[in-house]
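Step one of this worksheet: look at the structure below.
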Amino acid sequence: MSHLSRWRSPLRIAALCIGVFGTAQWVFAQSGVSLSPADPLAQRFAEQTRQINFMWTLLAGFLVMFMQAGFALIETGMCRAKNAAHIMSMNFLVYAIAISGFWVCGFAFMCGGVNGIAGVPGGPAPLGLDHIVALGNMLKIPLGGHDWGLLGASGFFLMGKVHLTAGAMVWFFYMMVFMDTAVTIPTGTLAERWKFKSFALFSLCVATFIYPVYGCWMWGGGWLSQLGRNCGLGHGAVDFAGSSVVHLQGGILALATVLQIGPRIGKYDEEGNPRPIFGHHMPMVMFGTLVLAFGWFGFNAGSTLGVSDRIGLIAVNTMLAGGAGALAAACYLWNAFGKPDPSLMCNGMLGGLAAITAGCAFVSPDAAVLIGLIAGLITVLGVLQLEKRGIDDPVGAIGVHGIGGLWGIIAVGLFADGTFGDGYNGVSGAVTGLFYGHHEAGQLWAQCVAAGVCIAWNMLVGGGVFMLIGRMMHSNRVTPQVEVAGLDVPEMGAPAYPEFVTGMSLEQVSSDDISAARSQILR
């Protein structure tokens, strides 16, 4: 091979281009030469940077999408084998349902009113400003001399200029996988007794309206993000990657629905004391937890929507908080029960991750560890206390996402260290919590308002929608015969493990079997 032909290698050509590109940047920096925006070279640099941001955001979105597998593994492993196909099917179909609903109107309601200073994670600028033209119609209400954003009103079916705008398409994809995470959370809480048709209809309602409305208020330029500009409450409600938008919403939806559907048959004795119902595959649970922890880096670091210097800190804070949450859970369990329960250790890690999601870009590593430690502890305590109070949550999703997410959104108002966030939600200066700066409580108040609104919205609207679906279908819950036999064959038509007998057929289930199931656990 000749000397010239060796340089035709794609890798060598790419290396040469990178070297020339880097040398040019160094020369301009050393010489003090500045490129005006109209300069062709400056325009080329700007376009290449925008394309790199597109790729980074999409890759992060791919990681978040893979979290669906983590949820499926955790929920299935935490439940009995006779329901495994049903639970896996819910985690599978919710992806398709959520995509469809978000495409039809969910994205429009959530992001259709962005106006250039919206509270999307990191702001829209890294993806370019061209999608502002395509998405700029907000339903507003005038109050107190200000226009308060209520709901986006453009981007339905991705029609018009939206699908022709690169930034809008990348943003749609990234926001869609976030939404899918929130819609998935109730499937674990209602596992082993939720009708599949009810699940499908409720998930569609969450994806099309319930989730997008609160998402608009926080990330789409809505009124919670305007609390800073209009009321002087810090930077308005701040949630960098979704402690409230994703996790608290999902956790409260799970709580609102489980209160109506009730506990599994046999979970509580005649005095109301909880009995353990062991999952059938703990290694599956722990592997699923690690899958979620891996995908969480796409959740948090990807929320920059572009390559920036803050990515490293965000990733480190995410890792530290997750590890601290698991460690806090293990230490508490060792001290209280003498053994560290594997499922609750997993819940501790996930609680720490849910808590750091809102503040991962705004806090220092030591604060991230503290947030994770507190989250791991209160998550485990929450799971245990909810179980004692008659709330049967097989996977602990309310504790992980509801309690962890609530602590995370409030923690921003306490621990944001004032080193990041200049211009966030259209407010100058960095985001600063109560323990930093001049100890002003404005940011903390904004965070508390957002948390309260999130809880109220999802309890009332989510709970109301679930109640209406139950009346339409005569019940959101399967019959006792189906529950005792196992949901796989009656609901899905196929068992997860046909080689093993994991349940009874409907014909085999009698009233005596149901009575026995109420007094003892049938595997």
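Condition (residue is at pLDDT below 70, outside any loop (DSSP other than H, G, I, E, B) and under 26 Å from N273 (Cβ atoms)) applied to the stretch 497-510: is it met by at least one residue?
No, every residue in the stretch 497-510 fails to be at pLDDT below 70, outside any loop (DSSP other than H, G, I, E, B) and under 26 Å from N273 (Cβ atoms).
Residue check, S198 against (1) within 20 Å of I99 (Cα to Cα); (2) in contact with a Leu (Cβ under 7 Å, 6 or more places away or on another chain); (3) modelled with pLDDT of 95 or more; (4) surrounded by fewer than 24 Cβ atoms within 10 Å (Cβ to Cβ), all met but one. Which one?
(2)
Mind counting the residues in the stretch 478-492 that are outside any helix (DSSP H, G or I) and free of Cβ contacts under 8 Å to residues at least 24 places away in the same chain? Don't jump to the end; show me each part of the working.
As a first pass, look at the stretch 478-492 and keep what is outside any helix (DSSP H, G or I): 478-479, 486-487.
Subset that is free of Cβ contacts under 8 Å to residues at least 24 places away in the same chain: 479.
The qualifying residues number 1.
What's the number of the only condition in (1) closer than 17 Å to I97 by Cα; (2) in contact with a Cys (Cβ under 9 Å, 6 or more places away or on another chain) that A191 fails to meet?
(1)
Being within 14 Å of the chain's Cα centre (by Cα), of a type outside the set (G, A, S), within 30 Å of H439 (Cα to Cα) and at pLDDT 95 or above: is that true of L248 here?
Values: within 14 Å of the chain's Cα centre (by Cα): yes; of a type outside the set (G, A, S): yes; within 30 Å of H439 (Cα to Cα): yes; at pLDDT 95 or above: yes.
Judged against the criteria, L248 is a match.
Evaluate the following for A416: is it under 13 Å from N317 (Cβ atoms), of a type outside the set (S, T, Y) and crowded, with 24+ Cβ neighbours inside 10 Å? Write out each step before concluding.
On the way: under 13 Å from N317 (Cβ atoms): yes; of a type outside the set (S, T, Y): yes; crowded, with 24+ Cβ neighbours inside 10 Å: yes.
Yes: the conditions hold for A416.
Tell me, which helices (runs of 4 or more DSSP H) lie completely within the stretch 1-120 with 3 or more residues that are in contact with an Asp or Glu (Cβ under 9 Å, 6 or more places away or on another chain), under 30 Å from L158 (Cα atoms) and at pLDDT 55 or above? Break it down into steps so the answer makes sense when it comes.
Working: elements: 3-6, 10-31, 40-77, 84-101, 107-111.
Fully inside the stretch 1-120 and qualifying: 40-77, 84-101.
Can you tell me how many residues within the stretch 483-500 are surrounded by fewer than 18 Cβ atoms within 10 Å (Cβ to Cβ) and more than 21 Å from L93 (Cα to Cα)?
3
Quick grid of which residues meet (1) of a type outside the set (K, R); (2) surrounded by 19 or more Cβ atoms within 10 Å (Cβ to Cβ); (3) in contact with a Phe, Trp or Tyr (Cβ under 7 Å, 6 or more places away or on another chain); (4) touching a residue at least 24 places away in the same chain (Cβ under 8 Å):
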{"site": "G325", "(1), (2), (3), (4)": "yes, yes, no, yes"}
{"site": "L333", "(1), (2), (3), (4)": "yes, yes, no, yes"}
{"site": "G348", "(1), (2), (3), (4)": "yes, yes, no, yes"}
{"site": "I356", "(1), (2), (3), (4)": "yes, yes, no, yes"}
{"site": "G359", "(1), (2), (3), (4)": "yes, yes, yes, yes"}
{"site": "L386", "(1), (2), (3), (4)": "yes, yes, no, no"}
{"site": "D392", "(1), (2), (3), (4)": "yes, yes, no, yes"}
{"site": "I410", "(1), (2), (3), (4)": "yes, yes, no, yes"}
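Residue-wise test of (1) surrounded by 17 or more Cβ atoms within 10 Å (Cβ to Cβ); (2) modelled with pLDDT under 90.
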site: L129; (1), (2): no, yes
site: P142; (1), (2): no, no
site: H146; (1), (2): no, no
site: G160; (1), (2): no, yes
site: L164; (1), (2): no, yes
site: F172; (1), (2): yes, no
site: T184; (1), (2): yes, no
site: G188; (1), (2): yes, no
site: V213; (1), (2): yes, no
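Identify the residue in the stretch 396-406 that is within 12 Å of G348 (Cα to Cα) and among the β-branched types (V, I, T) and, among all such residues, is surrounded by the fewest Cβ atoms within 10 Å (Cβ to Cβ). Explain how you work it out, then say what you get.
Pass one, the stretch 396-406, residues within 12 Å of G348 (Cα to Cα): 396-397, 399-401, 403-404.
Filter once more, keeping what is among the β-branched types (V, I, T): 400, 403.
Values: V400: 35, I403: 26.
That would be I403.
Select from the stretch 442-457 the residues that are more than 14 Å from C216 (Cβ to Cβ) and either touching a Leu at 6+ places or on another chain (Cβ under 7 Å) or touching a residue at least 60 places away in the same chain (Cβ under 8 Å) (or both) and list them in ascending order.
Residues of the stretch 442-457 more than 14 Å from C216 (Cβ to Cβ): 442-449, 451-452, 455-456.
Those that are more than 14 Å from C216 (Cβ to Cβ) and either touching a Leu at 6+ places or on another chain (Cβ under 7 Å) or touching a residue at least 60 places away in the same chain (Cβ under 8 Å) (or both): G442, Q443, L444, W445, A446, Q447, V449, A451, I455.
Please go through (1) over 21 Å from the mean Cα position of the chain (by Cα); (2) buried (at least 19 other Cβ atoms within 10 Å of the Cβ); (3) within 23 Å of L313 (Cβ to Cβ) for G437 and return the number of the only condition it doesn't satisfy.
(2)
I'd like the full set of residues that are surrounded by 24 or more Cβ atoms within 10 Å (Cβ to Cβ), of a type in the set (V, I, T) and part of a helix (DSSP H, G or I), limited to the stretch 361-384.
Within the stretch 361-384, I371, T379, V380, V383 meet the criteria.
Out of D341, D393, which single residue is under 25 Å from I277 (Cα atoms) and in contact with a Ser or Thr (Cβ under 8 Å, 6 or more places away or on another chain)? Even if it seems obvious, please write down each step before you answer.
Working: D341 fails: in contact with a Ser or Thr (Cβ under 8 Å, 6 or more places away or on another chain).
Among D341, D393, only D393 is under 25 Å from I277 (Cα atoms) and in contact with a Ser or Thr (Cβ under 8 Å, 6 or more places away or on another chain).
Taking the condition of being surrounded by fewer than 18 Cβ atoms within 10 Å (Cβ to Cβ) and more than 15 Å from the chain's Cα centre (by Cα), how many residues in the stretch 51-87 meet it?
The qualifying residues number 5.
Give the residues of the stretch 410-421 that are hydroxyl-bearing (S, T, Y) and part of a helix (DSSP H, G or I), sorted by residue number.
Initial filter on the stretch 410-421 (hydroxyl-bearing (S, T, Y)): 419.
If the condition is that a residue be hydroxyl-bearing (S, T, Y) and part of a helix (DSSP H, G or I), then no residue fits.
Which residues, counting only those in the stretch 422-472, are outside any helix (DSSP H, G or I) and either among the hydroxyl-bearing types (S, T, Y) or over 26 Å from A361 (Cα atoms) (or both)? Spell out how you get there, then give the answer.
Quick first cut of the stretch 422-472, residues outside any helix (DSSP H, G or I) only: 422-423, 427-441.
The answer is S428, T432, Y436.
Quick one: would you say S343 is over 20 Å from G312 (Cα atoms), hydroxyl-bearing (S, T, Y) and in contact (Cβ under 8 Å) with a residue 24 or more places away in the chain?
Taking the combined requirement at face value, the residue satisfies it.
Could you please find all residues in the stretch 256-272 being touching a residue at least 24 places away in the same chain (Cβ under 8 Å) and over 17 Å from E192 (Cβ atoms)? So that I can check it myself, show each step before the final result.
Restricting attention to the stretch 256-272, the residues satisfying the condition of being touching a residue at least 24 places away in the same chain (Cβ under 8 Å) are 256-270, 272.
Of everything in the stretch 256-272, those that are touching a residue at least 24 places away in the same chain (Cβ under 8 Å) and over 17 Å from E192 (Cβ atoms) turn out to be A256, D269, E270, G272.
I need every pair where a residue in the stretch 133-146 that is more than 17 Å from N230 (Cβ to Cβ) has its Cβ under 8 Å from the Cβ of a residue that is in a strand (DSSP E or B) and modelled with pLDDT of 90 or more, sequence separation at least 6 or different chains.
L135/G152; N137/G152
Does any residue of the stretch 298-312 turn out to be farther than 22 Å from I371 by Cα, in a helix (DSSP H, G or I) and of a type in the set (F, W, Y)?
In the first step, residues of the stretch 298-312 are kept if they are farther than 22 Å from I371 by Cα; the result is 305-309.
Of the ones still in play, those that are also in a helix (DSSP H, G or I) are none.
Among the residues of the stretch 298-312, not one is farther than 22 Å from I371 by Cα, in a helix (DSSP H, G or I) and of a type in the set (F, W, Y), which makes the answer no.
How many residues does the stretch 269-305 hold that are surrounded by 15 or more Cβ atoms within 10 Å (Cβ to Cβ) and at positive phi?
1
How many residues are of a type in the set (S, T, Y), within 30 Å of I311 (Cβ to Cβ) and not in a loop (DSSP other than H, G, I, E, B) when one looks only at the stretch 222-264?
Taking the stretch 222-264 and keeping what is of a type in the set (S, T, Y), we get 225, 243-244, 257.
From the residues that got through so far, the ones that are within 30 Å of I311 (Cβ to Cβ) too are 225, 243-244.
Now drop any that are not not in a loop (DSSP other than H, G, I, E, B), which leaves 243-244.
Looking only at that region, the number is 2.
The values are calculated or read from the model by the stated rules, or taken from the named source; none is laboratory data. Since this is a predicted model, take the numbers as computed values, not measurements. For neighbour counting, all protein chains shown are included, and Cβ atoms are generated from backbone atoms with ideal geometry for every residue, glycine included.
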